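Enquirer: If you scroll down you'll find the structure; I have some questions about it.
The values are calculated or read from the model by the stated rules, or taken from the named source; none is laboratory data. Every value quoted in this text rests on a predicted model; they were computed, and no experiment measured them. Methodologically, a virtual Cβ is constructed for each residue, glycine included, from the backbone with ideal geometry; neighbour enumeration extends over all protein chains shown.
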Amino acid sequence: MGNLAEDIKYSYADYIKCGDKIRYELIDGYVYAMASPSQKHQDVVGEMFGQFRDFLKGKPCKVFVAPFDVRLNAESYDNIVVQPDIMIVCDRRKLDGKSVVGAPDMIVEVLSSNARHDILTKFKLYQAAGVREYWIVDPEENVMTAHILENGRYYTAPYFNGDIVPVHVLEGCEIDLGEVFAAAD
């Protein structure tokens, strides 16, 4: 199978057969090609991943960095596949060796060329799927917005450069945004 066409609906089974080198996400069966991230984006992702990795050593939860597939509706249509920048999975039964089957406990997206996709489309998907904590990091403005799921809806809190941010799904974990944004300078 070659490149995926943007005007055809696909399932996860179609998606994994593709085999091309382009990174895609699948939203309601439609493909969205993903551009390569900037250096600033990668610096922020790397620093955040490192802080999560260091905290999680010896603990049951596991942190992953993109590209790694998340199949948000695998138990039904299996036509939503995203590749968050960072995700944390505490229920290892959701890991099938190639993907996360269902909602991770936490997702972090670092804004890049397609910010609208992360802020609107993925926000709705993650909330509906039950992702307990969703962070959106803006490396250009040095701001992070945390969305915490409560009674099926996200409540939102903004954080800024220099803030120490508690991670609600990981008791005792805090992320130092000063270090995160300094990594991108």
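Enquirer: Can you pull out every residue in the stretch 15-72 that is hydroxyl-bearing (Ser, Thr, Tyr) and surrounded by fewer than 15 Cβ atoms within 10 Å (Cβ to Cβ)?
Expert: Selection gives 36 alone.
Enquirer: Restricting attention to the stretch 112-147, report how many residues are surrounded by 18 or more Cβ atoms within 10 Å (Cβ to Cβ), free of Cβ contacts under 8 Å to residues at least 60 places away in the same chain and of a type in the set (Val, Ile, Thr).
Expert: Number satisfying all stated conditions: 2.
Enquirer: Next question. On the basis of being at negative phi, of a type outside the set (A, V, I, L, M), surrounded by 18 or more Cβ atoms within 10 Å (Cβ to Cβ) and modelled with pLDDT under 95, does residue 109 make the cut?
Expert: So residue 109 fails the test.
Enquirer: For the stretch 94-106: of the residues being hydrophobic (A, V, I, L, M, F, W, C) and closer than 14 Å to residue 132 by Cβ, which is surrounded by the most Cβ atoms within 10 Å (Cβ to Cβ)?
Expert: 106
Enquirer: Then there's this: In this structure, is residue 133 of a type in the set (Asp, Glu), modelled with pLDDT of 95 or more and either closer than 20 Å to residue 79 by Cα or over 14 Å from the mean Cα position of the chain (by Cα) (or both)?
Expert: No: the conditions fail for residue 133.
Enquirer: Is there any pair linking a residue in the stretch 53-74 that is without any contact (Cβ under 8 Å) to a residue 12 or more places away in the chain and farther than 15 Å from residue 171 by Cβ to one that is of a type outside the set (Ser, Thr, Tyr) and assigned to a strand (DSSP E or B), with Cβ under 7 Å and at least six apart or on different chains, and which?
Expert: Within 7 Å, the pairs are 53/63.
Enquirer: Here's a follow-up. Residue 95: free of Cβ contacts under 8 Å to residues at least 60 places away in the same chain and more than 24 Å from residue 46 (Cβ to Cβ), yes or no?
Expert: no
Enquirer: Let me ask you something else. When you check residue 17 against the structure, is it of a type in the set (Lys, Arg), more than 15 Å from the chain's Cα centre (by Cα) and closer than 29 Å to residue 168 by Cβ, yes or no?
Expert: Spelling it out, it is not the case that residue 17 is of a type in the set (Lys, Arg), more than 15 Å from the chain's Cα centre (by Cα) and closer than 29 Å to residue 168 by Cβ.
Enquirer: Enumerate the pairs (first residue in the stretch 1-19 and under 19 Å from residue 67 (Cα atoms); second residue anywhere and at pLDDT below 70 and surrounded by fewer than 17 Cβ atoms within 10 Å (Cβ to Cβ)) with beta-carbon separation below 7 Å, excluding pairs fewer than 6 apart on the same chain, so at least 6 apart or on different chains.
Expert: Correct list of pairs: 3/20; 17/1; 18/1; 19/1.
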